[in-house]
Amino acid sequence: MKIGFNEGCNRFCKDHSVMKDLEYCEKYGFDYIDIQSECLNRDLEAGKYTIEEMGEWFKNHKLKMLSYNALCFFNMKQTQAEKDAVMAELDEVIRRCNILGCKMIVVVPSMDMAERGLQPTRKTIREDAVAVLNEMVKKVEPYGIKLSIEFCGAPAMTINRFEDAYAIVSEVNSPLVGVTLDQYHFYAMASEFCDLEKADGKKIFVWHLNGTEDMPIGAPYNNDEKRLWPGEEGDCLDHKRYADTLKKIGFEGDVCTIEVFRPAYYELSQEENVKKAAEVTKAHVAKYC
């Protein structure tokens, strides 16, 4: 099992730079990196480097980019202008991925429908997501780039449980569309292992590793900030069950990517954060994978 680093772990560390993450990830033994779009956009807008310069870096190093994380809020758009904006963003992400040698785009569902005066049912959300993803496939197919839906375990998200994300992926039925399984998100809205256990592991493209404090399901304060390094004191997740289940159903991703959003960890230096992430991810893989 190879290991990956998601920049959610250190995106707010002092003087953060994506290029420094590339160097540190290679230094401490990561095989892959998930580059966070907000980090990349921040650096590009500041003129720290160009996307072409980053592409050249990847050509000359062992570290590879696992996913572009993410194209956010892709579904449930109400106007043609909003829909066109999503597809225009996808075009730009595809352009960047081709330069960076990246073959995976994580797509995140929209949220806060009630604030827009909408109350869509799960059926409506599924139908809309399937339609949008079918259009997206037409754009990524010529480049062999995959799309991975990350269901997000929060009440306000339109796709917030594994079973719904998996149903959407199954209906699209394309080898280019799969699910991002984030352990925290799976826990946070009480997705069920019985649904994961009967899934086709080939449809799970990305595995995000993390731990979490034991919080009430759906509580407003049960959020990303409650994530922990896996196995840290207070972590309530059954890591063996996640690993065993993924092996049993035929997960073929062969990468375990750590993604932890915890304010206390942002107090570390960027290098210290990457080093710690590598240590806990390697320990996890040695124990469970």
Among the residues of region 17-60, how many are buried (at least 18 other Cβ atoms within 10 Å of the Cβ), in contact (Cβ under 8 Å) with a residue 60 or more places away in the chain and of a type outside the set (D, E, K, R)? 6
For region 145-174, name all the residues that are under 18 Å from the mean Cα position of the chain (by Cα) and closer than 13 Å to F205 by Cβ. I145, K146, L147, S148, I149, E150, F151, A165, Y166, V169
Just need a number here: residues in region 42-87 that are touching a strand residue (DSSP E or B) at 6+ places or on another chain (Cβ under 8 Å) and basic (K, R). 1
Where M215 falls short, out of the listed (1) without any contact (Cβ under 8 Å) to a residue 40 or more places away in the chain; (2) in contact with a strand residue (DSSP E or B) (Cβ under 6 Å, 6 or more places away or on another chain): (2)
Select, from V140, V179, the only residue that is more than 28 Å from L118 (Cα to Cα), open to solvent by less than 10 Å² (accessible area, probe 1.4 Å) and modelled with pLDDT of 95 or more. V140
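The values are calculated or read from the model by the stated rules, or taken from the named source; none is laboratory data. Since this is a predicted model, take the numbers as computed values, not measurements. Cβ sites come from the backbone with ideal geometry, for glycine too, and all protein chains shown count toward neighbours. Ligands, DNA and RNA are stripped out before the accessible areas are found, and what is left, the full protein with its side chains, is counted by its heavy atoms. Shrake-Rupley method; radii C 1.70, N 1.55, O 1.52, S 1.80 Å.
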